[in-house]
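Scroll down for the structure; my scribbles are underneath it.
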Amino acid sequence: MSKRSFFRVTGITFLVIIIAAAAPNSRYFEIAKNIEIYSALYKTINEIYVDEVNPNKLLNTSVETMLSNLDPYTVYISEDKIEDFRTESTGEYGGIGASTVRLNGRVFISMVVNDGPADNAGIEIGDEVITAAGVPVLGKTNDELNQLVRGQAKTSVLLGIKKNGQDNVEDLSVIRDKITIENVPYFGMVDENTGYIKFTTFTANGAKNITKALKDLKNQGATSVILDLRDNPGGLLNEARDICNLFIPKGKLVVSTKGKRPENSSEFKTLNAPLDLKIPVIVLVNHSSASASEIVAGTLQDYDRAVIMGQKSYGKGLVQNVRPLSYNAQLKVTIAKYYTPSGRCIQALDYTHRNEDGSVGTIADSLKTSFKTVNGRTVYDGGGVDPDVLLPDKEWPSLLVELVKQGKIYTYANVFKLANPTIAEPKEFNLTDKQFEDFVNWIEADTITYESTAQKKFDVIEELSKNLNEQSELYASTLAEVKSGLEQPVSSQLYAIKKDIERTLEAEIALRYYSEEGGIQASLADDFEVNRARELLKNPAQYKKILSGIK
């Protein structure tokens with residue numbers, strides 16, 4: 001154990017003794033006593049345990065175990081994780097402007113920031129990363145790779161890159177820069193009157209970027225707008241407030257927080273004049289829309305200012321604050337619950353009252369409370385934001401899921417790019433029947449491990465039937481006949497889900513020609529939820545009826 005670790009622990013012990021002596025009958029006495037026991041335990045294990053102990057790993061494990069009894073949002077951030085945490089908050093980091101995907105342990109480029117360091121160095125989607133800073137990256141985790149590639153702006157990193165379709169490895173020196181992760185990766189017109197804004201995370205300047213997008217869309221003729229918060233995990237609360245402020249007047253309550261300590265209870269009201277009080281708005285949400293996304297959806301719903309469409313949101317109604325700890329570490333700790341203007345908290349899981357096995361249960365329907373929007377519509381707390389227009393979950397064919405998981409869609413898009421120097425604009429790009437046939441032939445020549453849902457169910461039935469004492473000949477022959485029918489050629493199964501594969505493959509291919517913006521744009525034409533939103537916005541009477549609460 002290092003002297004630094006020893007003095008850190010013993011210093012805590014002396015402090016604890018003073019506190020304990022000062023308040024032997026208070027709650028702080030119990031806290032101080034437990035810290036003293038822990039510090040003695042930690043010190044003793046490090047000094048006399050039979051094998052060498054990593055003190056940092058031991059500390060991190062014990063801290064993680066302690067925090068696991070709270071909620072998943074209360075986390076310890078060690079010094080070496082601070083930069084990752086700042087990236088989550090600000091959307092900025094020092095690096096090369098490229099994302100990666102792993103296929104069988106190998107690292108491939110999956111996204112490149114336009115005009116970023118990687119782009120300027122000639123790195124493209126589909127290229128394989130062989131080494132970073134002289135270190136082979138095969139099997140490296142994301143954290144390990146980030147430690148090699150990220151760094152201060154204006155410094156360089158040497159990458160060994162195997163270009164898509166080539167065997168030789170090029171050594172490229174890439175000059176790092178400050179990279180900003182786009183929180184509005186795409187906005188545009190989806191028809192002559194409807195604007196669309198994709199918003200992915202509530203990082204710094206989120207409201208500013210949405211303001212810019214909305215103004216641009218209105219200049220293009222947008223008389224209504226779709227704000228897409230699907231899969232948006234949330235982020236900064238002040239950005240949520242300012243986004244709501246675009247559509248509701250100055251001085252309106254957006255969210256209130258209530259904590260155990262008075263200083264953690266506050267109200268967040270809009271600060272500025274709105275951009276547009278009248279433009280019809282539809283907010284798209286799904287089960288992965290959380291936290292700040294739910295503040296925006298819940299607030300606009302409470303004021304009857306937007307129609308919420310999609311699936312029930314995630315249900316995260318907890319507020320975190322970051323507190324500094326010793327040695328540059330930090331604690332992100334839950335300090336309050338948040339409430340929308342109508343007074344509802346949308347927290348879905350009750351971490352305070354756990355089941356006997358330690359699992360967390362949802363808040364019972366009997367404990368949920370009803371609230372009213374401005375127009376008198378009934379909304380509920382305790383389980384996320386319920387959409388005004390509920391849409392079914394998209395059920396992806398199991399074969400397509402396997403094609404994505406096993407990297408077949410990604411890899412074939414690379415093959416397609418080599419054979420096709422250009423494609424049509426994303427909105428117009430569609431695979432031809434011949435191009436889909438080429439994909440099917442490529443899959444058949446390749447290997448894919450796949451068992452259909454029907455096959456899995458059949459295997460269960462067949463296994464259960466083996467335990468029957470008697471099997472009639474007819475029963476056995478019927479099983480054999482069903483099994484034979486399930487064993488279809490891969491090509492037949494691919495053609496059965498042709499449209500789903502085409503939409504997924506077209507978006508992945510468009511990424512290679514038009515970056516992330518093009519991939520999103522290519523996916524919109526057949527986006528069921530976006531099209532339902534467009535239909536509703538073309539029917540002003542129905543839109544107003546939903547917000548009025550009239551059945």
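Quick notes
- Look at segment 280-291: where a residue is on the phi > 0 side of the Ramachandran plot and a partner is polar (S, T, N, Q) and buried (at least 22 other Cβ atoms within 10 Å of the Cβ), sitting 6+ places away or on another chain with Cβ atoms under 9 Å, you get S291/N232.
- The set of residues from segment 340-376 being assigned to a loop (DSSP other than H, G, I, E, B), more than 24 Å from the chain's Cα centre (by Cα) and more than 22 Å from L547 (Cα to Cα) comprises N355, E356, D357, G358, A364, K368.
- Pair list, Cβ < 6 Å and 6+ apart or interchain, from segment 375-397 residues that are surrounded by 20 or more Cβ atoms within 10 Å (Cβ to Cβ) to residues that are of a type in the set (D, E): V385/E294
- Residue within segment 249-257 that is in a helix (DSSP H, G or I), in contact (Cβ under 8 Å) with a residue 40 or more places away in the chain and not aliphatic (A, V, I, L, M) present: no
- Of the residues in segment 151-174, none is part of a helix (DSSP H, G or I) and more than 24 Å from E516 (Cα to Cα).
- The single condition from (1) in a helix (DSSP H, G or I); (2) hydroxyl-bearing (S, T, Y); (3) farther than 23 Å from S291 by Cβ that T87 fails is (3).
- Among all residues of segment 204-222, there is none that is in contact with a Pro (Cβ under 6 Å, 6 or more places away or on another chain) and touching a residue at least 24 places away in the same chain (Cβ under 8 Å).
- For segment 67-74, the criterion of being at pLDDT 95 or above, surrounded by 17 or more Cβ atoms within 10 Å (Cβ to Cβ) and closer than 30 Å to F202 by Cβ is met by at least one residue.
- Residue match in segment 508-517 (condition: in a helix (DSSP H, G or I), in contact with a Phe, Trp or Tyr (Cβ under 7 Å, 6 or more places away or on another chain), within 20 Å of I448 (Cα to Cα) and charged (D, E, K, R)): yes
- Hits in segment 40-79 - residues which are outside any loop (DSSP other than H, G, I, E, B), acidic (D, E) and out of contact with any helix residue (DSSP H, G or I) (no Cβ under 8 Å at 6 or more places or on another chain): E47, E64
- Single residue of segment 521-535 satisfying the filter (within 21 Å of I308 (Cβ to Cβ) and not basic (K, R)) that is surrounded by the most Cβ atoms within 10 Å (Cβ to Cβ): A533
- Candidate set from segment 415-463 (those that are among the hydroxyl-bearing types (S, T, Y) and assigned to a loop (DSSP other than H, G, I, E, B)); member that is modelled with the lowest pLDDT: S452
- The one condition in (1) under 21 Å from the mean Cα position of the chain (by Cα); (2) surrounded by fewer than 19 Cβ atoms within 10 Å (Cβ to Cβ) that D119 fails to fulfil: (1)
- Number of the exception - R354 against (1) out of contact with any Cys (no Cβ under 6 Å at 6 or more places or on another chain); (2) charged (D, E, K, R); (3) more than 14 Å from L70 (Cα to Cα): (3)
- Residues of segment 94-137 that turn out to be within 29 Å of G206 (Cβ to Cβ), in a strand (DSSP E or B) and either among the small types (G, A, S) or not assigned by TED's automatic domain parsing to the domain that holds K154 (or both), as a count: 5
- In a residue-by-residue description of segment 275-282, the property of being buried (at least 20 other Cβ atoms within 10 Å of the Cβ) and under 26 Å from L70 (Cα atoms) applies to no position.
- Looking across segment 178-198, the residues that are closer than 25 Å to R150 by Cβ and in a loop (DSSP other than H, G, I, E, B) come down to I181, E182, N183, V184, P185.
- Residues of segment 199-248 classified as in a helix (DSSP H, G or I) and not hydroxyl-bearing (S, T, Y), total: 21
- Selection status of G151, small (G, A, S) and surrounded by fewer than 17 Cβ atoms within 10 Å (Cβ to Cβ): no
- Residues that are closer than 18 Å to S288 by Cβ, in a loop (DSSP other than H, G, I, E, B) and modelled with pLDDT of 95 or more were ranked within segment 385-398; the one that is nearest to the chain's Cα centre (by Cα) is V385.
- Residue pairs whose Cβ atoms lie under 8 Å apart, sitting 6 or more positions apart in sequence or on different chains, and linking a residue in segment 317-330 that is within 23 Å of A297 (Cβ to Cβ) to a partner that is outside any strand (DSSP E or B) and among the hydrophobic types (A, V, I, L, M, F, W, C), are G317/C345; G317/I346; G317/A348; V319/L237.
- Checklist (1) in contact (Cβ under 8 Å) with a residue 60 or more places away in the chain; (2) assigned to a helix (DSSP H, G or I); (3) of a type in the set (A, V, I, L, M) applied to V401, failing item: (1)
- The lone exception for S359 - which of (1) at pLDDT below 95; (2) closer than 30 Å to V254 by Cα it fails: (2)
- Failed condition for K499, given (1) more than 30 Å from G376 (Cα to Cα); (2) touching a residue at least 60 places away in the same chain (Cβ under 8 Å): (2)
- Matching entry among I210, I181 (being in contact with a strand residue (DSSP E or B) (Cβ under 9 Å, 6 or more places away or on another chain), among the β-branched types (V, I, T) and modelled with pLDDT under 95): I181
- Scope segment 306-328; condition out of contact with any Gly (no Cβ under 8 Å at 6 or more places or on another chain), buried (at least 16 other Cβ atoms within 10 Å of the Cβ) and either in a loop (DSSP other than H, G, I, E, B) or not assigned by TED's automatic domain parsing to the domain that holds A292 (or both); matching residues: A306, Q311, G317
The values are calculated or read from the model by the stated rules, or taken from the named source; none is laboratory data. Since this is a predicted model, take the numbers as computed values, not measurements. Here Cβ is always computed from backbone atoms with ideal geometry, including for glycine, and neighbour counts include all displayed protein chains.
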